[in-house]
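Visitor: First the structure, then my questions, so here it is.
Only the coordinates and a few stated rules stand behind these numbers; no lab work does. Because the structure is a prediction, the values reported are computed rather than measured. All Cβ positions, glycine included, derive from the backbone under ideal geometry; neighbour counts span all protein chains shown.
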Amino acid sequence: MTSISLAKAKEIIDNILQEGIKEKMQPLSVVVLDTGGNIKAFERSDGASPGRFKLADGKAHAAIMMGIPSSAIMERAEQQAYFVNALSVSFNGRFTPVSGGVLVKDDNDSIIGAVGVTGDTSENDTIAAVAGIKLSGFNVSA
């Protein structure tokens, strides 16, 4: 399985942060994970609180580990809170079932990584993530 490169991870982050500025969002924090859930790159905008890293990482980690966007996990949590709680325990708390964790896909629609964004509303976090990923030439599952 191919994973996202460091250069492309940094490009995605740059594009997401620029999208946040363009759309006048609150300061964003962005993490990019490879297919194994390992951190490839992370940046926290000036003015973003330091706790944002764990939120962004948890969103991306939830998405990559389950193979679905964190928004879908959030919907599942509304139906089966016990299941999502068990997932959070299984991943030692590195699991945030809130919108803003999206999958990065290549031209063959294969998952090559995940992005987690936090700092604004969850909806805006997802909007920024999708825009940044697409601007970097990848497909997205949000």
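Visitor: Just to confirm my numbers, what's the Cα centroid distance between segment 114-142 and segment 54-70 in Å?
Guide: 12 Å
Visitor: Using bins 5 angstrom wide from zero, how does P(r) for segment 64-126 break down, in % of all Cα pairs?
Guide: Spelled out bin by bin, segment 64-126 gives 4, 18, 25, 24, 18, 8, 2, 0 percent.
Visitor: Using just the helices of the chain, give the 222 nm mean residue ellipticity in deg cm²/dmol: DSSP H runs with n ≥ 4 each add -39,500 (n - 2.57), and the total is spread over all residues, rounded to 500. The partial results should precede the final answer.
Guide: Numbers: 5 runs with 66 residues, N = 142.
Rounded to the nearest 500, the figure is -15000 deg cm²/dmol.
Visitor: Now a separate question. Under unit Cβ charges (Lys, Arg +1; Asp, Glu -1), what dipole magnitude, rounded to 20 debye, does segment 10-137 have relative to its Cα centre?
Guide: Working: 12 positive and 16 negative charges, 65 e Å.
Computed charge dipole of segment 10-137: roughly 320 debye.
Visitor: Note down the net charge around Leu28, summing +1 for each Lys or Arg and -1 for each Asp or Glu among other residues with Cβ under 11 Å from its Cβ. Show your work: numbers first, answer last.
Guide: Details: positive: Arg44, Arg52; negative: Glu19, Glu23, Glu43, Asp46, Asp120, Asp125.
Value of the local net charge: -4.
Visitor: Cut-off is 10 Å between beta-carbons; in what order do Lys10, Lys24 appear when sorted fewest neighbours first? Please list the in-between numbers first.
Guide: Details: Lys10 15, Lys24 8.
Going from least to most buried by this count: Lys24, Lys10.
Visitor: Return, for the Cα atoms of the chain, the radius of gyration and Dmax in Å, separated by a comma.
Guide: 13.6, 39
Visitor: In a shell of Cβ-Cβ distance under 12 Å around Gly132, excluding Gly132 itself, what net charge do Lys and Arg (+1) and Asp and Glu (-1) give? Intermediate results must be reported in sequence, preceding the final value.
Guide: Details: positive: Lys8, Lys10, Lys22, Lys134; negative: Glu11, Asp14, Glu19, Glu23, Glu43, Asp125.
Summing Lys/Arg as +1 and Asp/Glu as -1 gives -2.
Visitor: So, one more: Just to check I understand the Karplus step: with θ = phi - 60° and J = 6.51 cos²θ - 1.76 cosθ + 1.60, what whole-Hz values come out for segment 5-13, glycine and proline as x?
Guide: 7, 4, 4, 6, 4, 5, 5, 4, 4
Visitor: Now for a separate question. For Thr35, which sequence-distant residues (separation of 5 or more, or a different chain) have an amide H within less than 5 Å of its own amide H, given hydrogens modelled in the peptide plane?
Guide: The answer is Ile4.
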